[in-house]
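J.: Before I ask anything, let me first share the structure, which is written out below as structure tokens.
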Amino acid sequence: MTDRSSPQQPSQPRMPGVRYRTETHTRQVPSHVFGEEVIDEEEYTVDVPLLPRNWDLVWMRLLLTIALGLTAVTLVWSTSSISKLLRLIGTEKELAVAAGASFELAWIVCLIAEELLRGQPNRAAVMKRAGWFAVWFVVAAVVAQGVHAHQTTAGIFGGLVSLWAKGAWWVVQWVRQPTLRPKLARWLQGKLEDASAVEALLAYKQRIGGRQAYAALVFGEDEYRAAQEAVQAAKRAPEISSGPHPDPPGRMAAPVQQPAPSVSWAPSVPSVPSVPPAQPQPQASAPVPAQAQAPVQPPAPQPSGQASGPNPAPSGQAAPTPPPPPVGLLSIAAATRQVIADKGEDISDLDLIAEVGALVGQDRAASPKFPETVLRNRRAKDGSRKKPQTRSAP
């Protein structure tokens, strides 16, 4: 180690109770040779303080070493015992050894999974139960081999080797994993879930990016770009409205209750010319004013579809088409028929609702059931037009 510190730099005094390690460093010192300045290297010693020994870490490493040693011993011992038992069914020696090792590897895999899930008690408990079940299965296999060899006692004590190894790992996990309060455990679980979600998102983005790069390389940049534009255009296509739709052509419409015929309402002022002149009453001693006789004999209600007026059409002749009533005086059904007659039957549902709303006024158009009423009137009109085509002969 080389530095440019001055050779007259005093060394720091040692503190009692602190361990030091002496290190040799090299520093550059200027000097003069025949009037010229040169740089020489000079060695010096430095006392470097050492950190206090972490005995917890030392004991933990010793504990892990013992647990790993017991695991290696039980892996060899149980594999040898179980392989002798499996060779009784006529398998090869190599296959019997591999199958015997799988018994020990089962609980070792559960042990590793339990260690990885030590911050998630609910998931770690499942691996813990599975590991103990696998260990007892190994013990049963070793005892069975001892019973078959007429050495029951040796089989029982031989099966305890796996239990000792599993117990050593239980001690290690008991020391390393503190007991968490439920609130703290839930907070830690949330943090782990957030980290897992980020890792999963990045992994999927990597997979998607790899597939996109592969597709662009195989099919070419132009083809890949054209396919992407087609997908985006399909996403931007207008979605079919979830509301009611008219029946397609060629399909018999379901019977729909026809709404009541609409009547174009006039202002509330009664039409005086439509009232016939009142006949004089012979019993009255004084003439009765016309305004008092008008409510006595109201005009007869006219059929639907005919506008009231002073000159009704003669019987048997079609009445002339009245001019369109002013805005705000039409009913929804009449406005729907008028818009379809003016704009054509190919008008879309959204345009139809907008045109009818302009005719009937903002008050009725603001009703939540207004679009449904307009579309129902349109279906009723379409059904009345198609009804003569589907009617059967008498």
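The values are calculated or read from the model by the stated rules, or taken from the named source; none is laboratory data. Keep in mind it's a predicted model, so treat the numbers as computed, not measured. Cβ atoms come from the backbone with ideal geometry, glycine included; neighbour counts cover every protein chain shown.
J.: Mind checking which residues of region 64-99 are in contact with an Asp or Glu (Cβ under 7 Å, 6 or more places away or on another chain), touching a residue at least 60 places away in the same chain (Cβ under 8 Å) and among the β-branched types (Val, Ile, Thr)?
T.: Thr74
J.: Could you go through region 17-26 and let me know if any residue there is free of Cβ contacts under 8 Å to residues at least 12 places away in the same chain, surrounded by fewer than 10 Cβ atoms within 10 Å (Cβ to Cβ) and more than 48 Å from the chain's Cα centre (by Cα).
T.: yes
J.: Only residues in region 186-202 that are within 17 Å of Leu116 (Cα to Cα) count as the first member; pair them with residues that are in a helix (DSSP H, G or I), Cβ under 9 angstrom, at least 6 apart or cross-chain, and list the lot.
T.: So the pair list comes out as Gln189/Pro121; Gln189/Asn122.
J.: For region 308-331, does any single residue satisfy the condition of being surrounded by 14 or more Cβ atoms within 10 Å (Cβ to Cβ), at pLDDT 50 or above and assigned to a helix (DSSP H, G or I)?
T.: Taking every residue of region 308-331 in turn, none turns out to be surrounded by 14 or more Cβ atoms within 10 Å (Cβ to Cβ), at pLDDT 50 or above and assigned to a helix (DSSP H, G or I).
J.: With Ala165, Ala144 as the choices, which residue is in a helix (DSSP H, G or I), surrounded by 13 or more Cβ atoms within 10 Å (Cβ to Cβ), of a type in the set (Gly, Ala, Ser) and without any contact (Cβ under 8 Å) to a residue 60 or more places away in the chain?
T.: The match here is Ala144.
J.: Here's another thing I want to ask about it. Quick one: would you say Leu68 is farther than 28 Å from Arg176 by Cα, assigned by TED's automatic domain parsing to the domain that holds Gln145 and surrounded by 11 or more Cβ atoms within 10 Å (Cβ to Cβ)?
T.: Details: farther than 28 Å from Arg176 by Cα: no; assigned by TED's automatic domain parsing to the domain that holds Gln145: yes; surrounded by 11 or more Cβ atoms within 10 Å (Cβ to Cβ): yes.
Answer is no for this residue.
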